[in-house]
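A short worksheet on the structure shown next.
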Amino acid sequence: MPLSPPEQAPEVLAVEGLRITVNGGRTEAVRDVSFTVRAGESVGLVGESGSGKTLTCRSVLGVLPPGCAVAEGTARLGDTELTALDRRGWERLRGQRLGAVFQDPASYLNPSLTVGRQLAEPLRVRQGLSRSEARERAVQLLGAVGLHQPEEVFHRYPFELSGGMLQRVLIATAVAGDPELLVADEATTALDTVVQAEVLDLLAQLRAERGLALLLVSHDLAVVAEVCDRILVFYAGEVVEDGPTEQVLAAPAHPYTEALLRVASIGDWGRRELAVIPGRPPEAGEAPTGCRFADRCEYAAPQCRSDQPVPLRPAGEGRRTRCVRADDLALAGTGREEVTA
């Protein structure tokens with residue numbers, strides 16, 4: 001189960017009113033995204049492909065793809081304004097206060113160098129350690145992330161290690177500078193179930209031991225349920241719901257979240273029929289008025305298609321939703337199928 005940090009824990013990351021454009025500013029891909037992550041807290045970003053969750057995380061890391069840019073809003077890591085950083089500022093931040101782990105770890109490691117050398121080199125450059133000190137520290141880190149016989153792993157090349165071992169090496173590299181925030185973007189997607197569970201346990205251990213804040217992107221609600229204290233549900237470039245994990249999964253306040261849960265069917269492994277969400281999300285650049293999920297929503301009513309964007313509003317303590325019918329649907333509870341437009 002997720003480990004909830006104390007409410008008085010300091011804010012590590014604060015994102016406010018984030019808007020990201022693509023195609024050289026001609027198309028809006030992310031709109032009005034605001035959230036915080038506290039020390040020791042894990043926040044999960046979920047949603048369909050193209051929903052804006054990965055672009056949001058890449059803006060926090062300063063690695064947006066060409067043609068993408070932060071058009072509005074702010075993102076602060078502690079007292080550092082990220083959206084104002086230049087190249088040198090990002091270089092000082094990454095690997096020190098900010099770490100990242102991505103899908104397919106082999107693509108982020110040089111196949112012609114041992115993993116130990118690739119881990120030790122940043123320790124020498126960024127922390128000023130001697131060659132022997134960096135080697136000793138690298139071996140300690142490899143052991144800390146659960147790699148057996150870390151002294152031997154230090155001398156291995158990436159092609160000699162399994163995908164799970166490579167992901168642990170990448171995590172060791174990401175936490176080598178003792179960062180305040182770790183961004184994990186689909187970090188367990190390519191791993192088998194057993195190795196995925198081991199990596200998730202490792203992330204939970206690092207949070208508990210180091211007070212590490214974790215921002216986790218995943219399409220797998222079961223992973224988010226296991227690891228995250230809070231969930232942000234993305235749809236068509238917007239956050240449509242957020243709140244404590246257990247509450248959001250037990251009683252979603254937005255029909256899209258409910259639809260995702262039906263598709264995932266967490267815990268219902270005996271189900272034989274595959275549920276799908278009808279229709280498709282809007283393409284990047286499409287900006288439907290009112291609720292962007294209305295065309296796919298079985299509960300949509302005329303007020304859902306107003307000419308004004310739907311704002312995020314409170315939906316209980318610590319929760320927000322972008323649904324204009326949230327109160328009606330909450331009253332209906334499990335009988336939502338009886339609620340009509």
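Which value, in debye to the nearest 20, describes the size of the charge dipole of the chain about its Cα centre when Lys and Arg Cβ atoms bear +1, Asp and Glu Cβ atoms bear -1, and nothing else is charged?
On the way: 36 positive and 47 negative charges, 181 e Å.
That gives the chain a dipole magnitude of about 880 debye.
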Given H placed on each backbone N at 1.01 Å, which residues far from VAL101 in sequence or on other chains put an amide H within less than 5 Å of it?
VAL183, ALA184, ASP185
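Please report the net charge: other residues with Cβ closer than 15 Å to the Cβ of LEU82, K and R +1, D and E -1. Working shown, then result.
Values: positive: ARG19, ARG58, ARG76, ARG87, ARG88, ARG92, ARG94, ARG97; negative: GLU11, GLU16, GLU72, ASP79, GLU81, ASP86, GLU91, GLU180.
Residues close to LEU82 contribute a combined charge of 0.
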Order by protection proxy (mean Cβ within 10 Å, highest first), peptides 215-225, 129-139:
215-225, 129-139
Taking N as the number of residues in the chain, what is its Cα Rg relative to 2.2 N^0.38 Å?
1.04
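Rule-based calculations on the coordinates, nothing more; no lab input. Keep in mind that this is a model prediction, so the values were computed, not measured. We place every Cβ from the backbone using ideal geometry, glycine too, and count neighbours over all the protein chains shown.
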